[in-house]
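The next block holds one structure in the form of structure tokens; read it before the comments.
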Amino acid sequence: MKLPRDVSGPGLVKALGVLGYSVSRQKGSHVRVTTQRNGEHHEVVPNHHPIKTGTLSGILKSVAAHHRLNVEELVRVLGL
């Protein structure tokens, strides 16, 4: 599966809101989002446009593992 190439940091933070993630803090150009679903999970999202594909892949893999999904299912749920 090919990842989307035009995802921005704020767009990803908004999309992660579907899974209960909310901004817990920001330091410089990095935003930390946290969810309590399936236990506590934190993820750091760079506030860049676009997010580099390797960085996006790492974030999506971590979030997918926490929610017991594969990356393709996660991309569909987030609407990316």
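Scanning region 1-14 for residues that are part of a helix (DSSP H, G or I) and of a type in the set (A, V, I, L, M, F, W, C), which turns out farthest from G58 (Cα to Cα)? Explain how you work it out, then say what you get.
Pass one, region 1-14, residues part of a helix (DSSP H, G or I): 9-14.
From the residues that got through so far, the ones that are of a type in the set (A, V, I, L, M, F, W, C) too are 12-13.
Numbers: L12: 13, V13: 15 Å.
Across region 1-14, the extreme among qualifying residues is V13.
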Self-check item: Considering residues of region 15-34 that are of a type in the set (S, T, Y) and under 12 Å from V63 (Cα atoms) only, the residue surrounded by the most Cβ atoms within 10 Å (Cβ to Cβ)
Solution: Y21
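Only one residue in L12, L69, L3 is under 11 Å from the mean Cα position of the chain (by Cα) and surrounded by 13 or more Cβ atoms within 10 Å (Cβ to Cβ). Which one? Show your work before the answer.
Working: L69 fails: under 11 Å from the mean Cα position of the chain (by Cα); L3 fails: under 11 Å from the mean Cα position of the chain (by Cα).
Result: L12 is the single residue among L12, L69, L3 that is under 11 Å from the mean Cα position of the chain (by Cα) and surrounded by 13 or more Cβ atoms within 10 Å (Cβ to Cβ).
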Exercise. Return only the number of the condition from (1) surrounded by fewer than 17 Cβ atoms within 10 Å (Cβ to Cβ); (2) outside any loop (DSSP other than H, G, I, E, B); (3) of a type in the set (D, E, K, R) that R37 does not satisfy.
Key: (2)
Quiz item: How about region 29-55: which of its residues are out of contact with any Lys or Arg (no Cβ under 9 Å at 6 or more places or on another chain) and closer than 11 Å to L3 by Cβ?
Solution: I51, K52, G54, T55
Quiz prompt | Sole residue being touching a helix residue (DSSP H, G or I) at 6+ places or on another chain (Cβ under 6 Å) and not polar (S, T, N, Q), chosen from V75, V33, V13, V23 | solution = V33
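If the requirement is being among the acidic types (D, E) and touching a Phe, Trp or Tyr at 6+ places or on another chain (Cβ under 9 Å), which of these qualifies: E43, E72?
E43
So which residues in region 40-64 are in a helix (DSSP H, G or I) and over 11 Å from L12 (Cα atoms), if there are any at all? Before you say what the answer is, go through the steps one by one.
Quick first cut of region 40-64, residues in a helix (DSSP H, G or I) only: 53-64.
Listed by number, the residues that qualify are T53, G54, T55, S57, G58, K61, S62, V63, A64.
Being in contact with a helix residue (DSSP H, G or I) (Cβ under 8 Å, 6 or more places away or on another chain) and part of a helix (DSSP H, G or I) is the requirement here; does L69 meet it?
Values: in contact with a helix residue (DSSP H, G or I) (Cβ under 8 Å, 6 or more places away or on another chain): yes; part of a helix (DSSP H, G or I): no.
Judged against the criteria, L69 is not a match.
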Quiz prompt | Flag for L74 being among the aliphatic types (A, V, I, L, M), without any contact (Cβ under 8 Å) to a residue 40 or more places away in the chain and in a loop (DSSP other than H, G, I, E, B) | solution = no
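Here, each number is a calculation from the coordinates, and none is a lab measurement. Keep in mind that this is a model prediction, so the values were computed, not measured. A quick note on method: Cβ atoms are made from the backbone with ideal geometry, for glycine too, and the neighbour counts reach across all protein chains shown.
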